[in-house]
Each structure stands twice: as structure tokens, then as C-alpha cells.
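Enquirer: Below you'll find the structure I mean.
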Amino acid sequence: MKYSVVKTILNKIYTSRVPDPGDLEFVLSLRDPEEIREVFTFADKIREKFCGKGIALRGIIEFSNYCFRRCFYCGINKDNSKIKRYRMSRKEILDTVGRLVSCRIKTVVLQSGEDAGIDAAWLEDVILSIKSRFDIAVTLSVGERENEDYRLWRRAGAERYLLKIETSNEKLYSSMHPGMDFRHRIGCLNALKSLGYQTGSGIIVGLPGQDLKTIARDILFFKKRDFDMIGIGPFIPHQNTCFTDKPGGDAGLALKTLALTRIVTRNAHLPATTALGSLDRDYRPEGLACGANVLMPNFTPLPYRKLYEIYPQKRCVSEAPGACGTCMEKMAKGLGRFVDYSRADSLKKRDQFTAHS
Ligand code: SAH
């Protein structure tokens, strides 16, 4: 058998409690297609061992594009006066959850900008209504809020929360999030975890000023914090942001980051993100073949879907709701896998997931 340096390093990364950032950087820098293939195959085996062949589904509803933040990369930032803002009503959200449930989906992700107009008690009521009508897991992704709000929503039955750190490099974070505090975001992640949420985080790959060393540190950050889920997507420049002229993230680098994240975190839920599907072509099948085990079909009602433009050319903005089912099945089949219609709770073993307060 041919001696492979890459394989040796991957094994070292896989078995280390604290992988060497230099090793991670080395893998991220690989250019040879055959060596990259080795990385992807290695990650795919780890995915198979710890997560199996199932592809879990999370139906996402982007229920408000109001945002008071000014993140330099994001198309729904407050300063973008060119987009029409919307906030779905409780009834619209419940009707949409009904559609998602009829597609056999057992997790809904309620995502929005950081919208001061979302009253904590209103969202509590939405969660309670969903929980009383449907047997479905609720994931929230509404940004940084008071601990009291997080507690209220957890008590109402929300089990999961996504809050991407975007970059774990404090300096880089501060440079593109005016008025935001890296430490505060970390504090939110801590609070969510201690309230018993299955907690998700993640990064954008290819942010201006982010180098391979930074991404290597991000991967170590994921390992150290033992997140239940991690979303990794490439940066896609948006025309109405100050990053409009910056180069977009590279799909290959995003895939290598995903593969390494699988290798170090073993059983975290990793989606093949919508951003990965919104580049020159759809890279989600590659994502699923190098570590990802989750897909997030979009259920935002059509008139709103194109308004939730965090980045341009977001995929499926004009596709009929419900068309996703066939598409997901096809993608899974093409990979010799299957769609897992269960709730697919965290694979991390923690007692508090069953508790509701
Ligand atoms: N407001 C919520 C998240 C809503 S946007 C929060 O603060 O958690 C969801 C995700 O879209 C963000 O976490 C970010 O990672 C991603 N995103 C935003 N703009 C992007 C861009 N231009 N390219 C790629 N991903 C982007």
C-alpha cells in the first residue's frame, strides 16, 4: 500500500484530544485532487461510523427579515434600505409548520434577523402553539437575546438553538460586526447550553481577512465547545453590503473545513448548508459526501422567500413549497443514503435534552 502522509496526519487529527492547528492548516491548504479526495473519504467514513447513512431534515422558516445589526457580509443588515421588510404572523407561521409536517418533517427551524419587534411573549406563544398542535422539534435561530427570553422559550418547549459565531477570531469578529461584542455572543452560547438547548454554532468560510490559520482555530473551537450542530457555509458577497466587491468563499475550502469538522467532532450534526448549494452550482451532494448528515429544506412562503436575501442567488427562491421532498430523496439516493424522517435529536449524550426547564 502506498504510504500516505495525508492519511497519517488525518489519523493524528482524528485521535488527538486537542489536534495540532498546524496539522489542520496543512489539510486546509491541500491542492492536489487526489489528496483532497483522501480527506473527503476519511471524513465520510467517520460520518458513517458515528451518524450512519441517514440524512436528517430540518425545515426552515425565515419568519422575519428585520434586523437591527449591521454585519458587513449580510444582505438583511439594517443599512440595506433596498429590501422590503416582512414579519410573518403567528397564523402564517403555524400554517407553514403544517405544510412542513405534511412533508413528514419533524424539526422546524424558526430563523430571523435580530428583530427587536419580536416580542419574547409573542414567540413563546408561537412555540406553545406549534407544540400543542404538532409532534415536532423546534429550533430557534433569532440571534442574541436576554437570558430570560432564552429561558422562556426553552420552557415553552423549544429544544434547539442555532447561533453561529461566524468566526472564532475575536479581532476579525469585531472588524465586521459593528456594535457587537464577541464575548457577549460566547456568553449567549454558554447560556443556551446551560438552559439545556441542543446548541448549534458555525462559521462562514472565506470572510475577508480570514486565513487558513483562523479556520484551523475555528475547527478547534468547535471541538472544544462540543456543539450539537455546526453549520459551515461559504461567504457569498451581497450587492447591498460593504463587502460587495470582496471575493466570495471557495467551495473547495468550505468542503475541506466541513470534512475536518466531521473528523474532529465525530457525531455533531453537520448540515450541507444552503450557502453551499447557492454557488456556481449545488455543492450540497459533495458536502454530504465529505461529512455532512443534514439538509435544511426551505419552507418560507414564496413571496417572503426572496426577501430573506442574506446573500444573493440563494437556492430554491422560486420553487414551490413541498417540491423539496423529491429533491432530497433524489440527492440521498444518488449517494446511496436515505432520508431520515425522525426528529434526529443530538447524538451527543446529555441528560438534559429530555428535561423541559
Ligand atoms: N440573525 C441570526 C441569523 C440569521 S442569518 C443570528 O444572529 O444568529 C443566518 C446565517 O446566515 C448567519 O449566521 C450567517 O452565517 C449567514 N450569512 C449571512 N450573510 C451571509 C453571506 N453573505 N454569505 C454567507 N453566509 C451568510
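The values are calculated or read from the model by the stated rules, or taken from the named source; none is laboratory data. Since the structure is predicted, the reported quantities are computational estimates derived from the model, not experimental observations. No Cβ is skipped: glycine too gets one built from the backbone with ideal geometry, and neighbour counts run over all protein chains shown. These accessible areas exclude ligands, DNA and RNA; they are computed on the full protein's heavy atoms, side chains included. Shrake-Rupley method; radii C 1.70, N 1.55, O 1.52, S 1.80 Å.
Enquirer: Subtracting the Cα-Cα distance from 0.36 nm times the residue separation, let me have the gained length for LYS224 to ALA121 in nm, one decimal.
Expert: Length gained between LYS224 and ALA121: 33.7 nm.
Enquirer: Output the relative contact order of the chain, whole-number percent, from Cα pairs under 8 angstrom with separation of 6+ residues.
Expert: Result for the chain is 24 percent.
Enquirer: List the cysteines in the chain whose Cβ has no other cysteine Cβ under 4.7 Å from it.
Expert: CYS51, CYS67, CYS103, CYS188, CYS242, CYS290, CYS316, CYS324, CYS327
Enquirer: Then there's this: With a 1.4 Å probe and every protein chain left in place, work out the accessible area per residue of the stretch 3-340 in Å², rounded to a whole number.
Expert: 40
Enquirer: What nm distance separates the two modelled labels at LYS171 and ARG155, each placed 7 Å from Cα along Cα→Cβ?
Expert: Those two pseudo-labels are separated by 4.4 nm.
Enquirer: Among 121-131, 334-344, how do they line up from the highest to the lowest mean number of other beta-carbon atoms within 10 Å?
Expert: Top of the packing list down: 121-131, 334-344.
Enquirer: Under a Cβ-Cβ cut-off of 11 Å, what is the net charge of the residues other than GLU114 that fall near it, where Lys and Arg count +1 and Asp and Glu count -1?
Expert: +2
Enquirer: What does the net charge come to around ASP135 if you take all other residues with beta carbon closer than 11 Å to its beta carbon, with K and R at +1 and D and E at -1?
Expert: +4
Enquirer: To continue, here is another question. I want the antiparallel fraction of DSSP beta bridges within the stretch 3-340, as a percent rounded to 5.
Expert: So the antiparallel bridges in the stretch 3-340 amount to around 5 percent.
Enquirer: I would also like to ask the following. Carbon and sulfur together cover what percent of the accessible area of the chain at a 1.4 Å probe radius?
Expert: Of all accessible area on the chain, carbon and sulfur atoms account for 53 percent.
Enquirer: Once phi is turned into ³J(HN,Hα) by the Karplus curve 6.51 cos²θ - 1.76 cosθ + 1.60 with θ = phi - 60°, what whole-Hz value does each residue of the stretch 235-242 show in order, with x for glycine and proline?
Expert: 6, 10, x, 10, 5, 9, 10, 6
Enquirer: Using the Karplus equation 6.51 cos²θ - 1.76 cosθ + 1.60 (θ = phi - 60°), what ³J(HN,Hα) coupling, rounded to whole Hz, does each residue of the stretch 338-345 give in order, writing x for Gly and Pro?
Expert: Coupling constants for the stretch 338-345: 9, 7, 9, 8, 8, 5, 6, 5 Hz.
Enquirer: Given the -39500 (n - 2.57) contribution per DSSP H run of 4+ residues, what per-residue ellipticity at 222 nm results for the chain, rounded to the nearest 500 deg cm²/dmol?
Expert: The helix-only estimate for the chain comes to -12000 deg cm²/dmol at 222 nm.
Enquirer: What are the ³J(HN,Hα) values, in whole Hz, obtained from phi via the Karplus relation 6.51 cos²θ - 1.76 cosθ + 1.60 with θ = phi - 60°, for each residue of the stretch 158-165 in sequence order, with x given for Gly and Pro?
Expert: 5, 9, 9, 8, 10, 9, 6, 7
Enquirer: So if we plug the beta-carbon distance of ARG99 and SER4 into 1/(1 + (r/R0)^6) with R0 = 51 Å, what FRET efficiency do we get, rounded to 0.05?
Expert: 0.60
Enquirer: Using the beta-carbon distance between THR15 and LYS213 and R0 = 25 Å, what value does 1/(1 + (r/R0)^6) give for FRET efficiency, to the nearest 0.05?
Expert: E(calc), rounded to 0.05, equals 0.65.
Enquirer: At 0.36 nm per residue, minus the direct Cα-Cα distance, what do ARG266 and ARG343 gain on full extension? Give it in nm, one decimal, please.
Expert: 25.8 nm
Enquirer: Taking 7 Å along the Cα-to-C-beta vector as the label spot, tell me the ASP280-LYS306 distance in nanometres, rounded to one decimal.
Expert: Going by the 7 Å Cα→Cβ label model, 2.6 nm.
Enquirer: Mind ordering 31-38, 83-90, 260-267 by average Cβ neighbours within 10 Å, highest first?
Expert: 260-267, 83-90, 31-38
Enquirer: Zone of ASP79 (label point 7 Å along Cα→Cβ, backbone N under 17 Å): which residues in the stretch 200-230?
Expert: The answer is 208-209, whose backbone nitrogens lie closer than 17 Å to the label point.
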